[in-house]
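The values are calculated or read from the model by the stated rules, or taken from the named source; none is laboratory data. Every value quoted in this text rests on a predicted model; they were computed, and no experiment measured them. Here the Cβ positions follow ideal geometry from the backbone for every residue, glycine too, while neighbour counts run over all protein chains shown. Please note that ligands, DNA and RNA were not included when accessible areas were found on the heavy atoms of the full protein model with its side chains. Shrake-Rupley method; radii C 1.70, N 1.55, O 1.52, S 1.80 Å.
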Amino acid sequence: MTYTGRHRLNDEGFSLIELIVVMSIGGTLALIGTFGFINYQRVSQQRGSSQELVSQLRNTSEHSISEGRTYCVDIDPTGRSYTTWRYACSPGNQVGGTRKTQSSKVTIATALTLPTPAPACPAGHSCLYFYPRGTAIPGTLTVTSTERPQIYTIHVEGLTARVYS
């Protein structure tokens, strides 16, 4: 065998140490990528649910004004779904289907300032009304996740029915 420097001319393959180092680096990168993807998925589920709710509330407000009818958005007691109703939150007036949050770990909580007497709302539910004159029941909705400490807050102004986050 002929040697040139420290290696043989017919040296082929990798040593066990080189393979272990490359596999360790690859495993570390895969682990970082997996955690990054899982976090991205959790963030997008919560943010997407919040943005979808804001969009639905704004559309409901616009429909109420343009059609000259009262609309109600009913948040169910679990906080994982909501339904839009025409006139009042009662069977037979549903507009579209029931919308759910993008994950079972994402929930919606409400803090509404209800007038006296309070408008019709199923027991245990939270109902947000939009009126044809461009007003609404004022309140704050929060979108939370059991997997993240971040809280998205949505505000509904009473006098203008403005919805913002």
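Observations
- Of everything in region 70-95 that is touching a residue at least 12 places away in the same chain (Cβ under 8 Å) and at positive phi, the residue that is least open to solvent (accessible area, probe 1.4 Å) is GLY79.
- THR98 of a type in the set (Val, Ile, Thr) and either outside any strand (DSSP E or B) or open to solvent by less than 60 Å² (accessible area, probe 1.4 Å) (or both): no
- Residue match in region 78-97 (condition: in contact with a helix residue (DSSP H, G or I) (Cβ under 9 Å, 6 or more places away or on another chain) and closer than 22 Å to THR146 by Cα): yes
- Among (1) open to solvent by less than 50 Å² (accessible area, probe 1.4 Å); (2) assigned to a helix (DSSP H, G or I) - the single one GLU62 does not satisfy: (1)
- Summed over region 126-162, the residues that are polar (S, T, N, Q) and open to solvent by less than 20 Å² (accessible area, probe 1.4 Å) give a count of 1.
- Checked against (1) open to solvent by 90 Å² or more (accessible area, probe 1.4 Å); (2) out of contact with any strand residue (DSSP E or B) (no Cβ under 6 Å at 6 or more places or on another chain); (3) at pLDDT below 90, MET1 passes all but condition (2).
- Restricting ILE17, ILE32, ILE65 to residues that are over 23 Å from the mean Cα position of the chain (by Cα) and at pLDDT 95 or above narrows the list to ILE65.
- Pairing residues of region 42-69 that are closer than 16 Å to VAL163 by Cα and without any contact (Cβ under 8 Å) to a residue 24 or more places away in the chain with residues that are open to solvent by less than 40 Å² (accessible area, probe 1.4 Å) and part of a helix (DSSP H, G or I), at Cβ distances under 6 Å and at least 6 apart in sequence or on separate chains, gives no pairs at all.
- No other residue among PRO115, PRO132, PRO149, PRO119 is modelled with pLDDT of 95 or more and either within 24 Å of GLN45 (Cα to Cα) or assigned to a loop (DSSP other than H, G, I, E, B) (or both) apart from PRO132.
- Selected residue (criterion: surrounded by the most Cβ atoms within 10 Å (Cβ to Cβ)) from residues of region 35-59 that are under 14 Å from THR144 (Cβ atoms) and of a type in the set (A, V, I, L, M, F, W, C): LEU53
- Counted residues, region 104-125 - those being touching a Gly at 6+ places or on another chain (Cβ under 8 Å) and surrounded by 13 or more Cβ atoms within 10 Å (Cβ to Cβ): 5
- Any hit, region 23-34, residues being open to solvent by 40 Å² or more (accessible area, probe 1.4 Å) and either touching a residue at least 60 places away in the same chain (Cβ under 8 Å) or touching an Asp or Glu at 6+ places or on another chain (Cβ under 7 Å) (or both): no
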